[in-house]
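The values are calculated or read from the model by the stated rules, or taken from the named source; none is laboratory data. Just so you know, these numbers come straight off a predicted model, no measurement behind them. Here the Cβ is made from the backbone with ideal geometry for all residues, glycine too, and neighbour counts use every protein chain on show. The accessibility values were calculated without ligands, DNA or RNA, using every heavy atom of the protein model including side chains. Shrake-Rupley method; radii C 1.70, N 1.55, O 1.52, S 1.80 Å.
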Amino acid sequence: MTRSLRSAVLTALAVIPTVRSLAQVPVSVDSTAAPVLRSQPNCAGDPVCTCKVLRETLTGINATLLPSDGATYEDFEDENYSAACRLPAACIVNPKNAQEVSTIIKILSETGTKFAIRSGGHNYIPGFANVDESGVLVSLSNLNSTVLSDDKKTAKIGPGNRWQAVYEALVPQGLTVVGGRVGPVGVGGLVLGGGLSYFATQRGLAFDNVKSYEVVLADGSIVTASADNQYSDLYKGLRGGATNFGIVTNYELYTYPATNFYIDARAYSANQTADFLRAVAEYQEEGQLDPLSSYVTTTSLLDTPPVSSYLWKKGYEEESGYGSNFIQLLPTGPTILLLYNEPVQQAKAFDAFYNLGAYSPILPAFNGSLLDIMALTGSRFSTGNVRTYGETFTHKADADLMVELYNIFTDETANLPSGATGVWVPNPIAASVATLGKQNGGNLLGLQEVPQQWYEWFITWTDSTQDQSVWDISQRITQRCTDAVNAKNMSLPYLFMNTAGMKQNVLDSFGSENVAFIKAVAAKYDPGNVFQRLQNNGFLIRNL
């Protein structure tokens, strides 16, 4: 594109308003906004042409990367957690602020070019936070600021942040937010999907603790949505509606005191697995009533690195290559990280686990900070060719059922192709998580106020020729487990978006009333269906 054409493009963009003043803009969104980029070449959905426009329009280092940029392009492509999601986009754009996101969405809309949006890239579904050569990947990694308000009651956090960086900015000031359990996970995807944290029983889900969202809409407008302004419907829609409305470029989260934790990491033998799962159910009935308690657990079928691969630093920093939301230091058997949000010697809330008897301490129990927990649970994700995929389902808490479901998982994963491994991760969710969501303004998940399990089991492998086999086994696991849950009349409809699979109907699981609300908000703020027509994939209303 010539310099004169670039100037014409920028001139055309400049006349389109990008920030909607709350004092001037009516509640309804103008669906007759003037077309943008009238002076541009007729790209007509051609991603190569569109990438040329983007490269000439955006300024800054690595603002638009093409496959021909070699290693630099590949570094950005490889940010996706699962190798199965590292697709060769026609180009990768890296906006540095909301105004550049606005420019990008105008260009993509006017040219009719397919796109995907990536925050941290932890989603393991091919096509969701990634796109192949048929489209443009919008990477939000440069939107990574963390700014405390003057009164320190809120923090404005960019979606491209990793939770590790957020906590490193806030904890030294004695503050934290309700965010991710693992440092390398990105802010944007976790919050939009709900977001489990170590404070869920105390504070609810991550998006229940958002004060406001800065959002770039389909016409390029930049708005701030909160519970008490004219975009309150958009604010509510973002508590479940994910990427159906726009691109969130900033999250204003409430802050809370960063008190220390009692931290106890332990491993049990494989022959204790059934008793361990019963202890999980017992904890849900009794121990989890104490809102200061939480834990992370896995019953792993994965051969994992030995204890000697972990080095003592300020806390414990993972050096193994298996960064994840659980501790796995023994070849087999369940492991657990017990966390109590007060510095104590031992927490009565965990009696169910103390009563299991023999265990192997992964490290001596100690009192430490949230940053110590981040070091324990993984300072980075694995690199290389590891591919990851998993699914989810939900049921009411029940000990016998938990054992039966795990047995189904082990039965199916015995059929995995060579080199593939499975990890079973039950997430005990207290009834208070649903209650707090309602108290904090309400969300669209349709949660029932009962103790429940949300699963995030997953499979890892390296051979791309095994993809379909792994996906087929995954869907069989989900189907068999769902059938077992239904047979005992213990099913709950909700599907946890953050860990759901490619064919799971997450939005439908919220209930018809909430789905209708999401559709209405999408129609209001994206009347041209840009995020339905052009977004590569996701939990979108077009798939309902």
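What the table shows:
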| item | result |
| --- | --- |
| Accessible surface, per residue, of region 90-178 when the full set of protein chains is kept, probe 1.4 Å, Å² | 30 Å² |
| Amide proton proximity set for VAL386, modelled H, under 5 Å, gap of 5+ | ALA83 |
| Per-residue HN-Hα couplings for region 221-238 [Karplus 6.51, -1.76, 1.60; θ = phi - 60°; Hz; x = Gly/Pro] | 5, 10, 10, 10, 10, 9, 5, 10, 10, 6, 9, 5, 5, 5, 4, 5, x, 6 |
| Percent carbon-and-sulfur accessible area, region 177-241, ignoring ligands, DNA and RNA, probe 1.4 Å | 44 percent |
| Where no second cysteine Cβ lies under 4.7 Å, the cysteines concerned in the chain | CYS85, CYS481 |
| Carbon plus sulfur fraction of accessible area for region 424-476, probe 1.4 Å, in percent | 49 percent |
| Among 474-486, 236-248, the order from most to least packed when residues are scored by Cβ within 10 Å on average | 236-248, 474-486 |
| Helix-only [θ]222 nm of the chain, DSSP H runs n ≥ 4, -39500 (n - 2.57) each, per residue, nearest 500 | -8500 deg cm²/dmol |
| Ratio Rg/Rh, restricted to region 193-290 and using Cα atoms, in which Rh is the Kirkwood radius | 1.16 |
| About the Cα centre, charge dipole magnitude for the chain (Lys/Arg +1, Asp/Glu -1 at Cβ), debye | 1380 debye |
| Summed side-chain charge close to VAL470 - residues other than VAL470 whose Cβ falls under 12 Å, Lys, Arg +1, Asp, Glu -1 | -3 |
| Added length on full extension, which subtracts the Cα-Cα distance from 0.36 nm per residue, ASN367 to LYS519 | 50.1 nm |
| Residue-normalised accessible area of region 405-507, expressed per residue, 1.4 Å probe, Å² | 38 Å² |
| Value of Rg/Rh across the chain [Cα atoms, Kirkwood radius] | 0.97 |
| Added length on full extension, which subtracts the Cα-Cα distance from 0.36 nm per residue, GLN468 to ASN355 | 36.5 nm |
| Neighbour net charge for PHE510 - beta-carbon separation under 13 angstrom, K R +1, D E -1 | +1 |
| Residue pairs, from the table LYS96/LYS152; LYS211/LYS524; LYS156/LYS211, whose Cα atoms sit over 18 Å apart | LYS96/LYS152; LYS211/LYS524 |
| Compactness index (Cα Rg / 2.2 N^0.38 Å), region 362-503 | 1.19 |
| Rounded percent of accessible protein surface that carbon and sulfur make up, region 50-110, 1.4 Å probe | 47 percent |
